[in-house]
Amino acid sequence: MKKPLEYLDWLLGVFFTKDKSGGKVFYPWLSFGNGYTLPSSAKETEIRNFLQKFYIGLIGGGIIVGLVNVSLLFLGVLGMIGWYYYQSVQFTDSLNESHEKLNYTYKIKSMASGQDVNTLIIMMIVAVALLLVGIVMIWNGGILAKIIGLLMLLVFGAKILFFEQMLKEKFGAGVGSVTKTKSESTTMIAKAKTTAKKTTAKKTTAKKTTAKKPAAKKTAVKKTTAKKTTAKKPAAKKTVKKTAAKKPAAKKTVAKKK
């Protein structure tokens, strides 16, 4: 099971992406501002460490201070926003600006592949709960509470949409893989049936060829018999010649009687 900081680090991945050359780009204001090319992985680690501290302070400190005094919570939120702006400027002053905009479609796909469906559902439930807290603050609180509730509404409403898109990507990928598997199975079955039919056709042809062979033997026997019959015919001719040769003897006998 992953540690809480690992989940937080995964969520912070929305601020980073890769450009066409394979380098890392940091987007401090997401799609509302420009990206900055990071020179090394050490710089990325430094920025991630700051973002972890910022979100832990914003969420954890916000809950604690909000339970004590809403006015202090409002001042705390303003202070955190000011800290984030100052640190972002410090980080990006020494970095080269990237001309590539943040691609949310690619970002959602890459982040969705790093988490399972159950984790995404839990995170979405937490975001919905915090969104409801913001709505309650807007409905029942004073002016400062309403402002903080509005900020929570915007932030966690965006998070809910973000998690929803990742869940759609997850379920869409699952349906796509199942469809692909079914299609591949159908193709394999069709190929197997075609191969089986061809094999059966070859066996049938081989049987027919084997059945015709005795007929060929009978024909050979008939030819042999015919040759033997033809060979006996000269003997018949000799008999005729002998009979013809005996006829003059008969004539001689008649002459003697006279």
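The values are calculated or read from the model by the stated rules, or taken from the named source; none is laboratory data. Note that the structure is predicted; figures quoted are calculated from it, not measured. Counting neighbours? That spans all protein chains shown, and the Cβs are built from the backbone with ideal geometry, glycine included. Protein only, heavy atoms only, side chains kept; ligands, DNA and RNA dropped before computing areas. Shrake-Rupley method; radii C 1.70, N 1.55, O 1.52, S 1.80 Å.
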Radius 15 Å from Cβ of PHE163, net charge of other residues (Lys, Arg +1; Asp, Glu -1): +2
Part-to-part distance (alpha-carbon centres) for the range 121-151 and the range 86-103, which is given in Å: 31
Heavy-atom accessible area ranking, 1.4 Å probe, most first, across LYS146, LYS101: LYS101, LYS146
Largest-first principal axis extents, alpha carbons of the range 42-81, Å: 39, 15, 6
In sequence order, calculated HN-Hα J values of the range 146-152 (Karplus, 6.51, -1.76, 1.60; Hz; x Gly/Pro): 5, 5, 5, x, 5, 4, 5
Net charge contributed by nearby residues that have their C-beta within less than 14 Å of LYS43 (K/R +1, D/E -1): -1
Cα Rg, Dmax (largest Cα-Cα span) when computed across the range 1-137, Å: 16.4, 50
Partner aspartates and glutamates for LYS101 [C-alpha distance under 18 Å; skip if fewer than 8 residues away on the same chain]: ASP19
Nearest-10 value in Å² for the accessible area of SER41, using the 1.4 Å probe: 90
FRET efficiency for VAL117 and VAL155, using Cβ-Cβ distance with R0 set to 25 Å, rounded to 0.05: 0.60
Area of GLU6 that stays accessible when all protein chains are in place (1.4 Å probe, Å², to 10): 90
Net charge, GLU100 excluded, C-beta distance under 13 Å - Lys, Arg +1, Asp, Glu -1: +3
Residue-level accessible surface for TRP29, protein heavy atoms, 1.4 Å, Å²: 110
Cα gyration tensor shape for the range 80-162, rounded if a/c is under 1.5, else prolate or oblate: oblate
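Which value in Å is the Kirkwood Rh of the range 14-70 over different Cα pairs?
The answer is 13.1 Å.
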VAL77, VAL133, VAL25, ranked by accessible area, largest first (probe 1.4 Å): VAL133, VAL77, VAL25
Out-of-range pairs (alpha-carbon distance over 18 Å; input LYS20/LYS168; LYS109/LYS168; LYS109/LYS159; LYS18/LYS53; LYS18/LYS109; LYS43/LYS109): LYS20/LYS168; LYS18/LYS53; LYS43/LYS109
